[in-house]
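Scroll down for the structure; my scribbles are underneath it.
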Amino acid sequence: MTTTNGTRCLQRIENAKVVIAAALINRRSIVEYLKANKPESIWILGSGWVGSYFLEDTVCAGAIAQSLLTETKSLPNEVVGNDEVFGAISLYLQWEQKLYELMNYASHGQRLQRLECYEDLKYCSQSDILDILPIQKEAGVLTALAGTPQ
């Protein structure tokens with residue numbers, strides 16, 4: 001697999017206290033980690049694609065934020081920091097039951113269709129199928145932890 005922005009994104013944030021790589025497929029692990037560790041602030045950064053906005057990153061951010069709001073019984077106006085998070089949550093709620101369809105509409109999804117990578121689209125549009133938490137243990141190095149990490 002290749003990335004146009006992922007590596008650059010991780011390099012820019014490698015000095016953050018905690019860096020975790022998230023996707024729809026490991027959302028549950030991310031949410032459980034955040035609930036268990038209760039960080040004061042959470043920044044969800046979409047790496048984008050070819051230097052621009054990436055629909056898949058936004059729906060993933062919305063899925064994480066919505067899960068945290070629901071499971072912690074928080075009110076959005078108490079914990080959501082900006083309009084982008086509200087937009088991401090709205091996108092997720094709109095497409096929650098149709099993530100595969102959304103992925104097909106996205107520009108990167110259309111690219112994968114042209115390359116006949118249909119299984120990639122199906123795989124990436126699933127939620128909570130991996131119990132893995134990719135977390136940075138040293139600058140530039142992500143380690144995959146299995147299970148619900150503390």
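Assorted remarks:
Each row is one residue, and each column tells you yes or no for (1) surrounded by fewer than 18 Cβ atoms within 10 Å (Cβ to Cβ); (2) more than 22 Å from L130 (Cβ to Cβ); (3) acidic (D, E); (4) at pLDDT below 95.
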residue: L24; (1), (2), (3), (4): no, no, no, no
residue: I30; (1), (2), (3), (4): no, no, no, no
residue: E40; (1), (2), (3), (4): yes, yes, yes, yes
residue: G62; (1), (2), (3), (4): no, no, no, no
residue: F86; (1), (2), (3), (4): yes, yes, no, yes
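- In the range 82-112, the residues that are within 17 Å of the chain's Cα centre (by Cα) and in contact (Cβ under 8 Å) with a residue 40 or more places away in the chain: V85, A88, L99, L102, M103, A106, H108, G109
- Any chance T70 is within 23 Å of Q110 (Cα to Cα), out of contact with any helix residue (DSSP H, G or I) (no Cβ under 7 Å at 6 or more places or on another chain), part of a helix (DSSP H, G or I) and open to solvent by 60 Å² or more (accessible area, probe 1.4 Å): no
- Residue satisfying condition, being open to solvent by 80 Å² or more (accessible area, probe 1.4 Å), at pLDDT 95 or above and in a helix (DSSP H, G or I), within set L93, L102: L93
- Residues that are over 23 Å from R111 (Cα atoms) and touching a residue at least 40 places away in the same chain (Cβ under 8 Å) do not occur anywhere in the range 52-60.
- Inter-residue pairs, beta-carbon under 9 Å, first farther than 18 Å from A88 by Cβ and charged (D, E, K, R) and in the range 29-46, second part of a helix (DSSP H, G or I) and open to solvent by 60 Å² or more (accessible area, probe 1.4 Å), 6+ apart: K35/E71
- Which listed residue is touching a Leu at 6+ places or on another chain (Cβ under 9 Å), surrounded by 15 or more Cβ atoms within 10 Å (Cβ to Cβ), hydroxyl-bearing (S, T, Y) and more than 26 Å from K17 (Cα to Cα), from S107, S127, S47: S127
- The range 4-22 - residue that is over 18 Å from T58 (Cβ atoms) and either small (G, A, S) or in a loop (DSSP other than H, G, I, E, B) (or both) and, of those, least open to solvent (accessible area, probe 1.4 Å): V19
- If the condition is being assigned to a loop (DSSP other than H, G, I, E, B), hydrophobic (A, V, I, L, M, F, W, C) and modelled with pLDDT of 90 or more, then the range 105-143 contributes A106, L115, C117, I129, L130.
- Number of positions in the range 27-63 that are in a loop (DSSP other than H, G, I, E, B), among the hydroxyl-bearing types (S, T, Y) and closer than 16 Å to G6 by Cα: 2
The values are calculated or read from the model by the stated rules, or taken from the named source; none is laboratory data. Computed from a prediction, not measured in an experiment: that's the story for all the values here. All Cβ positions, even for glycine, are placed from backbone atoms using ideal geometry, and neighbour counts span all protein chains on display. Note: accessible area is taken over every heavy atom of the protein model, side chains too, but ligands, DNA and RNA are not part of it. Shrake-Rupley method; radii C 1.70, N 1.55, O 1.52, S 1.80 Å.
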